[in-house]
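Okay, handing you the structure first.
The values are calculated or read from the model by the stated rules, or taken from the named source; none is laboratory data. Computed from a predicted structure; not experimentally measured. When we count neighbours, we look across all protein chains shown, and the Cβ atoms used for this are built from the backbone with ideal geometry, even at glycine.
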Amino acid sequence: MKRFVALKVNGEEYDIDIEPNRLLLHALREDVGLTGTKEGCSIGVCGACSVIVDGKLVSSCLTLALACQGKEITTIEGLAKDGRLHPLQQAFLEYGGFQCGVCTPGQIMAAKALLDANPNPTEEEVKEWMSGNLCRCTGYYKILEAVMAAAHNKISSDFQVKHERKTAKIQSLNVYKDS
Ligand code: FES
Ligand code: FES
């Protein structure tokens with residue numbers, strides 16, 4: 001039998017009817033409509049589904065949505081503010097910390113949880129913390145570089161501006177069109 005649950009995600013409240021065994025991962029993606037959180041292994045091993053619940057990093061594929069009622073859930077969609085990327089998102093772009101991007105939301109959420117608790121981690125601490133997030137593409141070094149760059153504020157201040165200009169240029173060339 002379905003149960004009513006109010007989920008607070010990225011500061012917005014979503015009232016949804018779900019089965020009691022509905023996983024947070026599926027509630028976020030299919031009921032709330034936030035598909036940034038990815039499903040990889042479905043058994044708590046790969047970290048692709050990582051989100052932050054009441055300040056703690058959790059695997060949403062192992063978490064019941066009902067158990068998150070009344071808690072603050074943060075997903076990758078909640079990081080950019082006022083049209084500006086979070087420093088970790090900027091660092092992943094600038095340092096090439098991704099290729100296919102499937103693991104990236106989970107990597108960034110894991111890194112955010114680390115930097116929230118420990119703003120000045122060593123490389124070893126980053127490696128150990130991020131060891132629960134698997135990537136099939138990058139070989140991890142770029143991810144490590146990106147997290148260290150975000151932690152030590154080594155992101156070009158004009159990176160976002162350059163990125164916006166590049167996007168505007170591509171749009172003006174009609175390389176792709178908004179549908
Ligand atoms: S999908 Fe949750 S840890 Fe892999
Ligand atoms: S960027 Fe492809 S799996 Fe990590």
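At least 3 residues that are at pLDDT 95 or above and closer than 21 Å to residue 45 by Cα in each: list the helices (runs of 4 or more DSSP H) lying fully within segment 76-179 that qualify.
Helices (runs of 4 or more DSSP H) meeting the threshold: 104-117, 123-129, 141-151.
Moving on to the next point. Counting only residues that are in contact with a Phe, Trp or Tyr (Cβ under 8 Å, 6 or more places away or on another chain) and away from ligand 1 (no atom under 16 Å from the Cβ), which one in segment 83-117 is farthest from residue 51 (Cα to Cα)?
Only one residue fits best here, namely 94.
What tally of residues in segment 11-20 results from selecting those that are within 22 Å of residue 79 (Cβ to Cβ) and out of contact with any strand residue (DSSP E or B) (no Cβ under 6 Å at 6 or more places or on another chain)?
The qualifying residues number 2.
So residue 137 clears everything in (1) surrounded by fewer than 17 Cβ atoms within 10 Å (Cβ to Cβ); (2) within 16 Å of ligand 1 (Cβ to nearest atom); (3) within 16 Å of the chain's Cα centre (by Cα); (4) touching a residue at least 24 places away in the same chain (Cβ under 8 Å) except one condition, right? Which one?
Going through (1) surrounded by fewer than 17 Cβ atoms within 10 Å (Cβ to Cβ); (2) within 16 Å of ligand 1 (Cβ to nearest atom); (3) within 16 Å of the chain's Cα centre (by Cα); (4) touching a residue at least 24 places away in the same chain (Cβ under 8 Å) one by one, residue 137 breaks only (3).
Determine if segment 7-17 includes at least one residue that is of a type in the set (A, V, I, L, M) and within 12 Å of residue 109 (Cβ to Cβ).
No.
Just a yes or no: is a residue in segment 22-40 in a loop (DSSP other than H, G, I, E, B), more than 16 Å from ligand 2 (Cβ to nearest atom), touching a Pro at 6+ places or on another chain (Cβ under 8 Å) and not basic (Lys, Arg)?
Looking through segment 22-40, none of the residues is in a loop (DSSP other than H, G, I, E, B), more than 16 Å from ligand 2 (Cβ to nearest atom), touching a Pro at 6+ places or on another chain (Cβ under 8 Å) and not basic (Lys, Arg).
Picking from 23, 57, 28, 7, which residue would you name as being under 19 Å from residue 133 (Cα atoms), in contact (Cβ under 8 Å) with a residue 40 or more places away in the chain and not assigned by TED's automatic domain parsing to the domain that holds residue 101?
Residue meeting the stated conditions: 57.
Name the residue that is surrounded by the most Cβ atoms within 10 Å (Cβ to Cβ), counting only residues in segment 68-85 that are in contact (Cβ under 8 Å) with a residue 40 or more places away in the chain and out of contact with any helix residue (DSSP H, G or I) (no Cβ under 7 Å at 6 or more places or on another chain).
By that ranking, first place goes to 73.
Also: Restricting to segment 109-129, and then to whatever is surrounded by 21 or more Cβ atoms within 10 Å (Cβ to Cβ) and over 12 Å from residue 151 (Cα atoms), can you tell me which residue is farthest from the chain's Cα centre (by Cα)?
Going through the qualifying residues, I end up with 110.
(1) farther than 30 Å from residue 5 by Cα; (2) more than 16 Å from ligand 2 (Cβ to nearest atom): which one isn't true of residue 57, the others all being true?
(1)
For segment 69-81, state whether one or more residues are closer than 18 Å to residue 105 by Cβ and within 16 Å of ligand 2 (Cβ to nearest atom). Steps first, please.
Initially, segment 69-81 is screened for residues closer than 18 Å to residue 105 by Cβ, giving 72-81.
Still in the running and within 16 Å of ligand 2 (Cβ to nearest atom): 76.
For segment 69-81, residues closer than 18 Å to residue 105 by Cβ and within 16 Å of ligand 2 (Cβ to nearest atom): present.
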